[in-house]
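A short worksheet on the structure shown next.
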Amino acid sequence: MSSLPLVFDAPKRGLPPSHLADLSADDRRAAVVALGEKPFRANQLSRHYFARLTVDPADMTDIPAASRERLVAEMMPPLFTVVRAMSCDDGETVKTLLRAHDGTLIESVLMRYPDRATLCISSQAGCGMACPFCATGQGGLTRNLSTAEIVDQVRMGAVAMREGATGAPGRLSNIVFMGMGEPLANYRRVIDAVHRICDPAPDGLGISQRSVTVSTVGLVPAIRKLTEEGLQVRLAVSLHTPDDELRDTLVPVNNRWKVAEVLEAARGYADRTGRRVSIEYALIRDVNDQPWRADLLGKLLRRHLGQFAHVNVIPLNPTPGSKWDASPKPVEREFVRRVNAQGVACTVRDTRGQEIAAACGQLAAEG
Ligand code: SAH
């Protein structure tokens, strides 16, 4: 899409060497052939990576030992080392700090619930969107993650679930692109990663598209492009206020694409997919929590999205040096009540991971 601004074309600087999980099934076969191996070796490797979740050549006994080491070295170069894992919420939330090949640090967060297990993954190291209430946004953008770096977070999360990292062994069921970064500013790699995450094994990790959420600050051309992909992923829009005047400061990209344009693009996505759009709203005391803003939000969403909106109120999580707080509970309750009164679904998101700085907006990847 030639009209996309430069932010979609960030340089390849720092990206890791090419990896199996970067490639489509056809490209995986071509890569294996280029290494002088039979094409079916690509399927074997894919089965190990996507179905058995292993990158250890010792597990790959169906591939002759002589080829194995080389195929793994060429097709599955190590992407991350685990720097540390921290847990809280009785062990049901685990934040993992990962170091990439070039020293870049990123974080992912695994959250176990009674009925599902959700992994919150990063799409960039840091973030260029500069939202003032978000620790990631305050640190700036380091670089895009490669497709394989995004997919490998999910593979590692699935292994952690299988091994019982959050309690009894279980299955990773949901993925949210709500870790570090703006997924739609790393567009092609994120879309490719969605395919690898959702394609059935052995071509992908086999997680349902409907269980994957892509969250954006509201990059309108990219939302429109996503609408044309024919995916069934859930779209989340970080709105945080219904009025342009305040949103220009809370979500600086609003200076480029206004609230009404963002909601129209979201409506287009809802119409195409038939899926409700999540509207994220970090509730900040005396900043965006007034009753009149709740009324305005409800009216605006009813008009633009009707039944297709679901507001997630996120009590503001503390970030270092921030002057802002979460709203008091009675203010939060009144806010939710008013949005509901406009006929718009609105619930409060839990604040998992706060004490290990793993909650929304707290990821800063400090080594
Ligand atoms: N860049 C994308 C993906 C990040 S998702 C996006 O903004 O949508 C992370 C979510 O947490 C976003 O809705 C973000 O606005 C919200 N958030 C950021 N800082 C927060 C904080 N301090 N407290 C609560 N939510 C926060």
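Of the DSSP beta bridges with both residues in region 223-361, give the percent that are antiparallel, rounding to the nearest 5.
5 percent
For region 114-235, count the residues as N, evaluate 2.2 N^0.38 Å, and divide the Cα radius of gyration by that value, please.
1.05
Express the C-alpha Rg of region 177-218 as a ratio against the empirical globular expectation 2.2 N^0.38 Å, rounded to two decimals.
Dividing the Cα radius of gyration by 2.2 N^0.38 Å gives 1.18.
Of all DSSP beta bridges located in the chain, what percent are antiparallel, nearest 5?
Once the DSSP bridges in the chain are tallied, antiparallel ones form about 50 percent.
How long is the gain from Ser322 to Arg47 if the chain were fully straight, where each residue apart is worth 0.36 nm and the alpha carbon distance is subtracted?
94.4 nm
Could you order peptides 248-255, 113-120 by the average number of other Cβ atoms within 10 Å of their residues, highest first?
For the peptides 248-255, 113-120, the packing ranking is 248-255, 113-120.
Quick one: what are the phi-derived ³J(HN,Hα) couplings along region 343-358, Karplus 6.51/-1.76/1.60 with θ = phi - 60°, whole Hz, x for glycine and proline?
x, 10, 5, 8, 9, 9, 7, 5, 10, 4, x, 4, 6, 10, 6, 10
What order, most packed first, do the peptides 53-59, 293-299 have when packing is the mean number of other Cβ atoms within 10 Å of each residue?
My ranking of the peptides, most packed first, is 293-299, 53-59.
Send over a whole-number figure in Å² for the accessible area per residue of the chain, probe 1.4 Å.
Ligands and nucleic acids excluded, the figure is 41 Å² per residue.
Residue by residue through region 106-121, what is 3J(HN,Hα) from phi via Karplus (6.51 cos²θ - 1.76 cosθ + 1.60, θ = phi - 60°)? Round to whole Hz and write x for glycine and proline.
With the stated coefficients, region 106-121 comes to 9, 10, 9, 10, 9, 10, 9, 10, x, 10, 6, 10, 10, 10, 9, 10 Hz.
Take each of the peptides 218-230, 311-323, average the number of other beta-carbon atoms within 10 Å over its residues, and list them starting from the highest.
Averaged packing, sorted descending, gives the order 218-230, 311-323.
So, counting K/R as plus one and D/E as minus one, what does the shell of residues with Cβ under 14 Å around Ala65 add up to?
Charge balance near Ala65 sits at -2.
Taking 2.2 N^0.38 Å as the expected size of a compact globular protein, what ratio does the Cα radius of gyration of region 270-344 give against it, to two decimals?
1.18
Run the accessible area of region 20-75 with a 1.4 Å probe and give the carbon-and-sulfur part as a rounded percent.
Summing carbon and sulfur atoms, their accessible area is 52 percent of the total for region 20-75.
So what's the net charge close to Ala365: Lys and Arg +1, Asp and Glu -1, counting the other residues with Cβ under 12 Å from its Cβ?
Summing Lys and Arg as +1 and Asp and Glu as -1 gives +1.
Please report, in cubic angstrom per residue, the volume enclosed by the convex hull of the alpha-carbon atoms of the chain.
132 Å³
How much net charge surrounds Leu219 when only the other residues with a Cβ under 11 Å from the Cβ of Leu219 are counted, with Lys and Arg +1 and Asp and Glu -1?
+1
The values are calculated or read from the model by the stated rules, or taken from the named source; none is laboratory data. Remember, it's a predicted structure, so these values are computed and weren't measured experimentally. Note: ideal-geometry Cβ built from the backbone for every residue, glycine included; neighbour counts use all protein chains shown. Calculation scope for accessible area: heavy atoms of the full protein, side chains included, ligands and nucleic acids excluded. Shrake-Rupley method; radii C 1.70, N 1.55, O 1.52, S 1.80 Å.
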